[in-house]
Amino acid sequence: MSPAARFLTGLAKIMATMTLYEEGHPARERAIDGVYQSLADLQNETPRCTFTFLADEIIFQNRPLRELAHWDWSLRFANAGVQRLEFLDLVTRDDFEAFLEELHIRVTGEPTSTAEVRQGRPSNIRYGQVTVRGMEEADTPGHGGSLATATLHYSLREEVESIQWLHEELRDTRKLRLLEAEATIRSLSVAMHGDQAYVIPLLRLKEFDQYTVTHTLNVAVLTMALAEYLGLSPREVRAFGIAGLLHDLGKVRIPTEILNKPGKLTDEERLVMNSHTVEGARIILETEEHLDMAAVVAYEHHIRIDGGGYPSLHYERSCHQASNLVHVCDVFDALRTHRPYREAWPTQRALKIIEEGAGPEFDKDIALAFVQMMRKWEDRVAEVPADDPEVRLGGGAEEPGEADIAVDTGEGKTAPPERSGGDPASEG
C-alpha cells in the first residue's frame, strides 16, 4: 500500500477510535501516534501534499488514488464539507491532533470531549470546500464560535496547464497521457460541485491563440453539466467528460499553417482540416482500447443529425449519445468565443442558434435540454477570466467547423458569417 493510501486508511480508523475513547485514553493516544507516523512517512516523500475527495474516488496531488477506489470515506469527508485536504509543510503532532478533533466534529456532528476545539490556530493543514475564483466566498476559519469552512479557491490554472501539457506531449512524443486526462476531469468535477452548490466554470477567452486549450476545457465542462442534467450516473458523467476533453485531439496532427490560417481554407486544406476527426479517433484507440466511446466521439462530433457534416458515413446510422452531447456543447462554446472574423456572441443568441438547430443539426431532445439547462442554471455559470494572473494559456488557434446553420441577425435569416469568405459560423 502506498504511503498516501496508508495515511487515509489510518485517518478513517482514527475517526472510529475517537468515537470510542475519550481524550487522554491510552488506546486513543496510540491510534493518533500511529496515523501521525503514517503522515510523517508520507511527508518524507511529499512534504506538500493534497487530497481531493469526490463522491466515489480520491485524487492525490493530480492523480487518482486507485488503491482506494470506491472508498466510502471519500463520500463521508466530501459530505462533511472536506472536499480538499492540504498539508502545506511538515505538521506537528499538536496541530495534527487539533485537526483530528475538528474533522471528527464535521464527520459525526458531535465533539469527542468537553475539551475546547482549537479552530483557527496557525497550522500547515488546510481543508474545506472548493470554490471557483470569482464566486462568492465562504466563511474562513475564525477563533471560537461554530466551526467554519477553510475555503480553497479554484482558479482552473492546474487544469489549463494539464490540458496544455497533454497537447504538447502528444505533439512531441505522439503519446496520449491518459492519467492526466482522467485527473483533469476529476478535478473539474470537484470544481463543479464545490461549495455545496453546482457550478459550471467556463474560461473566458481574451486572446485568439488561447482558443485550443480554453475550448477543450469548456467543452468538457459543458458536456459533464449536460450529462448530469440529463440524469446520467457520476461515472457516466466523467466518461462523457473525458470524451469532451479529447474530442479535438486530432488537431495536434494538423499543420499549424492550416490550423492557424486566418483566411478561407482551400478545398485541399479543408480536407486536411476535416481529417482531425479520423486522426483523433486513431490516436485514442492506439492509446487505450477501453476509451472506445471517446474515440467514437472524436470521430462523430461534426456529424449532423440530418446526415450532413463530416466525415461521411458509408451507411446511415445514428451517432452515439455522447457524440450528440459534445456536438451541441462544441458549437455553443465556439459561438460564445471571440474569433478573428467576428466578436463573441452573447449567450442568449448562441442558445437561439442551438434551439433553431434542434432537429436538422443537433439531436432535438439533447439540444432542447441544453438550452433549458443553460437558462435554468444561468446563475450557476462562473466566468473565470483567462487573463487571471495564475492562468497561463497557450496552443494553436482553432478552425471554424462545418455546421451549416443560418444566423439570425435581427433582420431575418442570413447566410452564416464567413471566415474571410467561406466557413460557417458554427465551429467546433
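The values are calculated or read from the model by the stated rules, or taken from the named source; none is laboratory data. Computed from a predicted structure; not experimentally measured. Neighbour counts run over all protein chains shown; Cβ positions are idealised from the backbone, glycine included.
In table form, for the structure just shown:
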item	result
Tally, over the stretch 6-20, of residues that are more than 19 Å from ARG66 (Cβ to Cβ) and either surrounded by 17 or more Cβ atoms within 10 Å (Cβ to Cβ) or outside the structural domain of PHE60 (by TED's automatic domain parsing) (or both)	4
Condition check for ARG317: under 20 Å from ALA367 (Cβ atoms), of a type in the set (Lys, Arg) and out of contact with any Asp or Glu (no Cβ under 8 Å at 6 or more places or on another chain)	yes
Set GLU316, GLU343: member being within 17 Å of ARG204 (Cα to Cα), over 20 Å from the mean Cα position of the chain (by Cα) and of a type in the set (D, E, K, R)	GLU343
Residue in the stretch 306-317 that is of a type in the set (A, V, I, L, M, F, W, C) and crowded, with 17+ Cβ neighbours inside 10 Å present	no
Residue list for the stretch 21-65, restricted to those being farther than 29 Å from LEU188 by Cα, hydrophobic (A, V, I, L, M, F, W, C) and surrounded by 14 or more Cβ atoms within 10 Å (Cβ to Cβ)	ALA31, ILE32, VAL35, ALA40
Filter result (hydrophobic (A, V, I, L, M, F, W, C) and under 20 Å from ARG174 (Cβ atoms)) within the stretch 274-297	VAL278, ALA281, ILE283, ILE284, LEU285, LEU291, ALA294, ALA295
Yes/no for PHE87 being among the hydrophobic types (A, V, I, L, M, F, W, C), in the same structural domain as MET15 (by TED's automatic domain parsing), modelled with pLDDT of 90 or more and over 30 Å from the mean Cα position of the chain (by Cα)	no
Selection from the stretch 72-83 of residues that are crowded, with 19+ Cβ neighbours inside 10 Å, modelled with pLDDT under 85 and outside any loop (DSSP other than H, G, I, E, B)	ALA78
Some residue of the stretch 281-302 being part of a loop (DSSP other than H, G, I, E, B) and crowded, with 18+ Cβ neighbours inside 10 Å	yes
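Residue-by-condition table, conditions (1) part of a helix (DSSP H, G or I); (2) surrounded by fewer than 20 Cβ atoms within 10 Å (Cβ to Cβ); (3) not aromatic (Phe, Trp, Tyr):
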residue: VAL213; (1), (2), (3): yes, no, yes
residue: ASN218; (1), (2), (3): yes, no, yes
residue: THR223; (1), (2), (3): yes, no, yes
residue: LEU226; (1), (2), (3): yes, no, yes
residue: LEU232; (1), (2), (3): no, yes, yes
residue: VAL237; (1), (2), (3): yes, no, yes
residue: GLY241; (1), (2), (3): yes, no, yes
residue: GLY250; (1), (2), (3): yes, no, yes
residue: ILE258; (1), (2), (3): yes, yes, yes
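Quick grid of which residues meet (1) free of Cβ contacts under 8 Å to residues at least 60 places away in the same chain; (2) part of a strand (DSSP E or B):
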{"site": "ILE32", "(1), (2)": "no, no"}
{"site": "TYR36", "(1), (2)": "no, no"}
{"site": "LEU39", "(1), (2)": "yes, no"}
{"site": "THR52", "(1), (2)": "no, yes"}
{"site": "HIS70", "(1), (2)": "yes, no"}
{"site": "LEU85", "(1), (2)": "yes, yes"}
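Yes/no per residue for (1) under 26 Å from PHE362 (Cβ atoms); (2) modelled with pLDDT under 95; (3) among the basic types (Lys, Arg):
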position	(1), (2), (3)
ARG253	no, yes, yes
GLU257	no, yes, no
VAL278	yes, yes, no
ALA294	yes, yes, no
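Residues are listed down the side, and each one gets a yes or a no for (1) in a helix (DSSP H, G or I); (2) touching a helix residue (DSSP H, G or I) at 6+ places or on another chain (Cβ under 6 Å); (3) under 26 Å from ARG174 (Cβ atoms):
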residue: CYS319; (1), (2), (3): no, yes, no
residue: VAL328; (1), (2), (3): yes, yes, no
residue: THR337; (1), (2), (3): no, no, no
residue: ALA350; (1), (2), (3): yes, yes, no
